[in-house]
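Q: The structure that follows is given in the form of structure tokens.
The values are calculated or read from the model by the stated rules, or taken from the named source; none is laboratory data. Keep in mind the model is a prediction, meaning the values are calculated, not measured. Cβ: placed from backbone, ideal geometry, glycine included. Neighbour counts: every protein chain shown.
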Amino acid sequence: MIRYRIEPVRPEAHLYRVTLTVAEPVPEGQAFSLPAWIPGSYMIRDFARHVAAFHAWQGEQELAWRKLDKQTWQLDPAEGPVTVVYEVYAWDLSVRGAHLDTRHGSFNGPCVFMAAVGHEDQPCEVEIRPPEGSAYTGWQLATGMPRVSGQAFGFGTFRADNHDALMDYPVEMGPFDHAEFTARGVPHQVVINGRHQADLARLCRDLVPICEHHIDLFGEPAPMDNYVFIIRATDTVYGGLEHRNSTSLMVPRKELPRRTDPPGEVSKGYRNFLGLCSHEYFHTWNVKRIKPEAFTPFDLSREVHTELLWAFEGITSYYDELALVRTDRITVNSYLELLGALITRVHRGRGRFRQTVTESSFDAWTRFYKQDENAPNAIVSYYAKGALVALALDLVIRDRTDEVKSLEDLMRMLWQRHGQTGEGVPEQGIQPLAEELVGESLAEFFNHALYSTEDLPLQELLAPRGIELNWRPADHHADMGGDVGKPERPAPHLGVRLADDALGARIAVCYEQGAAMEAGLSAGDIIIAVDHLKVNQANLDDVLSGFHPGEQVELHAFRRDELMRFTVTLSEDETTTAWLRIAPNGLTDKGRRWLHREDAKAS
């Protein structure tokens, strides 16, 4: 057994100390390595850069060591047990990193637990200690790692089957609130750290049907004995990361449900949060157990490329919000608003004409996770475009089988043949299963959806279900689509995405063929005046509304420290803003089957 002890030795300095003991080191000199990335977040993060100190001993004798590469330490040969002690600087408050201060601690395995090279298959025992001092007597601990000793939510000793498993149990410590619920017989815990006024009872009530929807989709029993939602309430940070029996979530506290909310009301923020919970929970099957062949097993020392992220993130992104309407957490109209915003997100950038969804998957390491200001013009998201591919594939399967089969059946096939067996999905392994399901070739669909940059035939697929897909220009620069908009008159648009700035309205993205780019403006420019009137992000649309598309206006902007003047010919935004509605005659039988609705109308 490989034994670890981790302790927050100096919360004020953000330092964890890790003690790692190997009973039988390899004869040539035991090596220890820290991962370069964390599963689910496809970017090299070089966690070894946070190792602040490293020492090694054999008994009382300190051992010499040397670095083999950026993330591997090798000891001199030694007989008998060796122990290494190292400190990790932890000041990354994200779902991917390690964090420690006097109020909170958290870490992911790849950030803190070195692998004993050659012993990765051995079981691991981890003792997790609290910080010393009376200021920390109220600290608790939450993790999905199997417990060996200690009380529930207490510090103690835990066990992982091997190093790969150890990488997949995030740990949360500090003062937090918690609640529990059961879904299909599986106990679930909800932990919230950070200042909040969340209605935990309501959150649990809403999570139960969502979790049961996903368990039922793949089939009982669920693949985990317990599950933990680890939530950190923040000001504006939003994100999530999946794990084998838990998820780490960060959410603006205003998006959590509150006891003062009207009964049954779901704000847009809370709707987003439920979708995030649904997304990460679906990953319990899709990517944590049904994995690409390239990830079987994970090699966390380097980039591992696959064209399949469109399926593992895209299909998950499709079901995360679909589950909300199927479980009556939101209305059909609310779901159509979300779907319209998703379609808008894909169609607004010209990157969809330059990169296929499989290319986006393969290039995640260097393009999707390292986006610059030109990203919408150059790349397409395998999350968003992948979700639309999943939607189209679901409706195609339903059409080809007269509604007898669906994407759910394909997911169950993947679960039975890959998730339950541990056999990775080959790069072209999804199409043959889909063709087996429908009993005919789907080559035309897959070639179009995965290997071309042509738009998907969403309108043709949705119409037989009683859903109309409509298009319009953006009403204003913050218009994300999904609703009918204000069709009174076309609004002038610069063809940019804006961000707030103390000086004015900063251009975050300059879309190709937009009025701003045509006039010579660039991302990073800060617009300070239009027609000699001071503007900022809040009032720019109001000032522009005094002009008609086609008119020219004088615009002043700072580029770095230089004041520049531009003459801009205003135009309407491209007709890439989508909104959907139920047809006048209501949902068809196909539509009701797809959305799991008893009635033909949205409530």
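Q: Is it true that S334 is at pLDDT 95 or above, in a helix (DSSP H, G or I) and touching a helix residue (DSSP H, G or I) at 6+ places or on another chain (Cβ under 6 Å)?
A: So S334 does not fit the description; no.
Q: Restricting segment 246-273 to residues that are over 17 Å from F107 (Cβ atoms) and in contact with a Phe, Trp or Tyr (Cβ under 7 Å, 6 or more places away or on another chain), which is surrounded by the fewest Cβ atoms within 10 Å (Cβ to Cβ)?
A: So the residue we want is P252.
Q: Between a first residue in segment 402-422 that is at negative phi and of a type in the set (A, V, I, L, M) and a second residue that is crowded, with 17+ Cβ neighbours inside 10 Å and part of a loop (DSSP other than H, G, I, E, B), which pairs have beta carbons less than 7 Å apart while being 6 or more apart in sequence or on different chains?
A: none
Q: Right, next: Can D46 be described as surrounded by fewer than 21 Cβ atoms within 10 Å (Cβ to Cβ) and closer than 30 Å to W310 by Cβ?
A: Spelling it out, D46 is indeed surrounded by fewer than 21 Cβ atoms within 10 Å (Cβ to Cβ) and closer than 30 Å to W310 by Cβ.
Q: When you go through (1) within 25 Å of R350 (Cβ to Cβ); (2) modelled with pLDDT under 95 one by one for S603, which number turns out not to apply?
A: So S603 meets the others, but not (1).
Q: Now for a different question. Among the polar types (S, T, N, Q) and either in contact with a Ser or Thr (Cβ under 6 Å, 6 or more places away or on another chain) or farther than 25 Å from A323 by Cβ (or both): does that describe T157?
A: yes
Q: Then there is this: Would you please name the residue that is farthest from R302 (Cα to Cα), looking only at residues in segment 133-146 that are touching a strand residue (DSSP E or B) at 6+ places or on another chain (Cβ under 8 Å) and in a loop (DSSP other than H, G, I, E, B)?
A: The extreme case among them is W139.
Q: Tally up the residues in segment 11-48 that are under 24 Å from the mean Cα position of the chain (by Cα) and not in a strand (DSSP E or B), please.
A: The qualifying residues number 13.
Q: Do you know which residues across segment 50-65 are surrounded by 11 or more Cβ atoms within 10 Å (Cβ to Cβ) and either closer than 14 Å to T21 by Cα or not aliphatic (A, V, I, L, M) (or both)?
A: Passing the criteria: H50, F54, H55, A56, W57, Q58, G59, L63, W65.
Q: Out of the residues in segment 368-413 meeting the condition of being part of a loop (DSSP other than H, G, I, E, B) and either in contact with a Ser or Thr (Cβ under 9 Å, 6 or more places away or on another chain) or among the basic types (K, R) (or both), tell me which one is surrounded by the fewest Cβ atoms within 10 Å (Cβ to Cβ).
A: E373
Q: Further question: Could we say that L339 is crowded, with 21+ Cβ neighbours inside 10 Å and touching a strand residue (DSSP E or B) at 6+ places or on another chain (Cβ under 7 Å) here?
A: yes
Q: Of all the residues that make up segment 426-472, how many are over 26 Å from S361 (Cα atoms) and either exposed (fewer than 14 other Cβ atoms within 10 Å of the Cβ) or charged (D, E, K, R) (or both)?
A: 6
Q: What's the number of the only condition in (1) touching a residue at least 12 places away in the same chain (Cβ under 8 Å); (2) surrounded by fewer than 14 Cβ atoms within 10 Å (Cβ to Cβ) that A165 fails to meet?
A: Here A165 meets the rest and fails (2).
Q: Restricting to segment 410-452, what's the tally of residues that are in contact with an Asp or Glu (Cβ under 9 Å, 6 or more places away or on another chain) and either polar (S, T, N, Q) or assigned by TED's automatic domain parsing to the domain that holds G219 (or both)?
A: 2
Q: Search segment 545-557 for residues that are of a type in the set (S, T, Y) and pair each with any residue that is assigned to a strand (DSSP E or B) when their beta-carbon atoms are under 9 Å apart and the residues are at least 6 apart or on different chains.
A: From segment 545-557, the pairs are S545/P492.
A quick yes/no check of all residues on (1) in contact (Cβ under 8 Å) with a residue 12 or more places away in the chain; (2) out of contact with any Leu (no Cβ under 9 Å at 6 or more places or on another chain):
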site	(1), (2)
P490	yes, yes
D500	yes, yes
R506	yes, no
G520	yes, yes
I528	yes, no
L533	no, yes
N536	yes, no
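Q: Just checking: which of the strands (runs of 3 or more DSSP E) contained wholly in segment 71-121 hold 2 or more residues that are surrounded by 16 or more Cβ atoms within 10 Å (Cβ to Cβ), in contact with a Phe, Trp or Tyr (Cβ under 6 Å, 6 or more places away or on another chain) and in the same structural domain as Q61 (by TED's automatic domain parsing)?
A: Result: 72-75, 82-89.
Q: Hey, another quick one. Which residue is nearest to H243 (Cα to Cα), if the candidates are limited to segment 278-303 and must be part of a loop (DSSP other than H, G, I, E, B) and more than 18 Å from the chain's Cα centre (by Cα)?
A: F298
Q: Tell me yes or no: at least one residue of segment 19-33 is within 30 Å of W285 (Cβ to Cβ) and not aliphatic (A, V, I, L, M).
A: Yes, the conditions are met somewhere in segment 19-33.
Quick grid of which residues meet (1) at pLDDT below 95; (2) closer than 20 Å to R45 by Cβ; (3) touching a helix residue (DSSP H, G or I) at 6+ places or on another chain (Cβ under 6 Å):
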{"site": "W91", "(1), (2), (3)": "no, yes, no"}
{"site": "S94", "(1), (2), (3)": "no, yes, no"}
{"site": "A98", "(1), (2), (3)": "no, yes, yes"}
{"site": "N108", "(1), (2), (3)": "no, yes, no"}
{"site": "F113", "(1), (2), (3)": "no, yes, yes"}
{"site": "H119", "(1), (2), (3)": "no, no, no"}
{"site": "Q122", "(1), (2), (3)": "no, no, no"}
{"site": "E127", "(1), (2), (3)": "no, no, no"}
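Q: Same structure again: Test V251 against the stated conditions and say whether it is touching a Ser or Thr at 6+ places or on another chain (Cβ under 9 Å), within 18 Å of H99 (Cα to Cα) and either in a loop (DSSP other than H, G, I, E, B) or aliphatic (A, V, I, L, M) (or both).
A: Yes: the conditions hold for V251.
Q: Further question: Among the numbered criteria (1) touching a His at 6+ places or on another chain (Cβ under 8 Å); (2) at pLDDT 95 or above, which one does G482 miss?
A: Unmet for G482, out of (1) touching a His at 6+ places or on another chain (Cβ under 8 Å); (2) at pLDDT 95 or above: (1).
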